[in-house]
Amino acid sequence: QGHVAGGRVFGYDNMTITVPGPDGKPRRSHVERRINEAEAAVVRRLFELCAQGYGMKTIAVRLNNDRALCPRSQRERPAGWCPSSVREVLYRDLYRGVVVWNRTRKRDAWGKIQPRNRPEAEWIRREAPGLRIVDEDLWQAAHDRLAEARALYLRGTDGQLWGHPARGTESKYLL
């Protein structure tokens, strides 16, 4: 039905939908996502920087230097962008208008909390054009650039994960 089943996502506001109860008082029915335009502008900029060839660390530094809005910090951590936050935004299907449910199983057969990833065949994907922040062309350009960087890295290291990827760009450092 498109209701929010998880928590807050950067770029969106969670809106509580109420309906009149049997006693006439408003009752919470469900929660829906609405695009937060200020945060959505940062998400679009992040994708544009990625499509232009910037890496995740460089994007994080640029956003922090420009004092761009950032995801809410948790557990008293400093607020700001880091490469892992940039990566999470770049790979979240919701920004291109695809909602994915059932990625993880929260409890085991005995009811004990043990989160586990589910096979991709069990995921439920639904198109949600009203939640699209990044158009398909920009999404594809950014992901083509990420795939190119991944292929270049694995080719330069003979398929082994080691060191930094060899970029086709000029370094600002001599060595």
Report summary line: Output row, site Thr58, 7 Å Cα→C-beta label point, backbone N cut-off 15 Å, window the range 81-110, residues 83
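Could you give the dipole magnitude of the range 1-139 about its Cα centre, charging the beta-carbon of Lys and Arg +1 and that of Asp and Glu -1, in debye to the nearest 20?
Numbers: 27 positive and 17 negative charges, 139 e Å.
That gives the range 1-139 a dipole magnitude of about 660 debye.
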Report summary line: Given Cβ charges of +1 for Lys and Arg and -1 for Asp and Glu, the option among Cys50, Gln1, Gly21 whose Cα lies farthest towards the positive end of the dipole of the range 1-52 is Gly21
Report task. Would you pull out the residues with amide H under 5 Å of Ser29's amide H, same chain only if 5 or more places away, H placed 1.01 Å from N? Result -> Ile17, Thr18, Val19
Query - Normalised contact order of the range 1-82, rounded percent, pairs of Cα under 8 Å and 6 or more residues apart - result: 23
Query raised in the report: Only one of the listed values, (1) 19.7, 73; (2) 16.4, 49; (3) 17.3, 57, was derived from the coordinates as Rg and Dmax of the Cα atoms in Å; which label is it?
Result: (1)
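Multiply the residue separation of Arg67 and Glu37 by 0.36 nm, subtract the distance between their alpha-carbon atoms, and state the gained length in nm to one decimal. Walk me through the intermediate numbers first.
Working: separation 30, 0.36 × 30 = 10.80 nm, distance 1.64 nm.
Taking Arg67 through Glu37 to full extension adds about 9.2 nm, to one decimal.
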**Report entry** Label-point separation in nm, Asp108 to Gln1, each point 7 Å along Cα→Cβ
**Finding:** 3.3
Report summary line: Taking placed amide H atoms and a strict 5 Å upper bound, the residues 5 or more places from Cys82 or on another chain that come that close are none
Query raised in the report: Roughly how tilted is helix 37-51, in degrees to the nearest 10 and between 0 and 90, from the longest Cα axis of the chain?
Result: 30
**Report entry** Backbone HN-Hα couplings from phi across the range 127-143 [Karplus 6.51/-1.76/1.60, Hz, Gly and Pro as x]
**Finding:** 6, 9, x, x, 9, 6, 9, 10, 6, 4, 5, 5, 4, 5, 4, 5, 6
Query raised in the report: How much length is gained on full extension from Tyr91 to Asp135, taking 0.36 nm per residue of separation minus their Cα-Cα distance?
Result: 14.4 nm
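Multiply the residue separation of Ala151 and Val100 by 0.36 nm, subtract the distance between their alpha-carbon atoms, and state the gained length in nm to one decimal. It would help to have the intermediate numbers written out before the result.
Values: separation 51, 0.36 × 51 = 18.36 nm, distance 2.67 nm.
Full-extension gain reported as 15.7 nm.
What percent does the relative contact order of the chain come to when contacts are Cα pairs within less than 8 Å and at least six residues apart?
Across the chain, relative contact order equals 17 percent.
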Query - Per residue accessible area in Å² of the range 1-147, where ligands, DNA and RNA are left out and the probe is 1.4 Å - result: 67
Report summary line: Summing -39500 (n - 2.57) over every DSSP H run of at least 4 residues in the chain and dividing by its residue count gives a helix-only mean residue ellipticity at 222 nm, to the nearest 500 deg cm²/dmol, of -10000 deg cm²/dmol
Report summary line: Of every hundred units of 1.4 Å-probe accessible area on the chain, the number belonging to carbon and sulfur atoms, as a percent, is 50
Report summary line: Sequence order, the range 18-30: Karplus ³J(HN,Hα) from phi using 6.51 cos²θ - 1.76 cosθ + 1.60, θ = phi - 60°, Hz rounded, Gly and Pro as x, gives 10, 10, x, x, x, 8, x, 7, x, 10, 5, 9, 6
Requested in this report: Select from Leu138, Ala151, Phe10 the residue farthest towards the positive end of the dipole of the chain; place +1 on Cβ of Lys and Arg, -1 on Cβ of Asp and Glu, and compute about the Cα centre.
Outcome: Phe10
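The values are calculated or read from the model by the stated rules, or taken from the named source; none is laboratory data. Note that the structure is a prediction, hence the values are computed from the model and not measured. Quick reminder, even Gly has a Cβ in these numbers, built from the backbone with ideal geometry, and neighbours come from all protein chains shown. Heavy atoms of the whole protein, side chains included, go into the accessibility calculation; ligands, DNA and RNA do not. Shrake-Rupley method; radii C 1.70, N 1.55, O 1.52, S 1.80 Å.
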